[in-house]
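See structure below.
Quick note: the coordinates plus some simple rules give every number you see, no bench work behind them. As the structure is a computational prediction, the values presented were derived from the model and not from experiment. Note: ideal-geometry Cβ built from the backbone for every residue, glycine included; neighbour counts use all protein chains shown.
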Amino acid sequence: MGRTRRTFTAEEKLKVVMAVIQDGKAVSDVAKENNIHPNMILNWKKEFLENAAMIFNRTRPDITEKAQQKKIDELEAKLQKKDEVIA
């Protein structure tokens, strides 16, 4: 019977990647410490670095949603006025 595949949370992956990037530890050392294949760490590091720029490109959803709701309210008010004129 084969071994079961381990799963890692985002926090665990971040901790491992940051040990390599921020702390300057060797991938092989971090791999041994965490019992993870070095290629897995390299994949996580690559994905982390490729997606890091997205943090700065995000719009704040609460502001966007508020702006959209305000526009909806304005349009509904206009529509109601038109309905009153027609009636």
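Of the residues making up the range 1-41, those that are β-branched (Val, Ile, Thr) and exposed (fewer than 10 other Cβ atoms within 10 Å of the Cβ) are Thr4, Thr7, Thr9.
Taking the criterion of being free of Cβ contacts under 8 Å to residues at least 12 places away in the same chain, assigned to a helix (DSSP H, G or I) and of a type in the set (A, V, I, L, M, F, W, C), the residues of the range 20-48 that qualify are Ala31, Met40.
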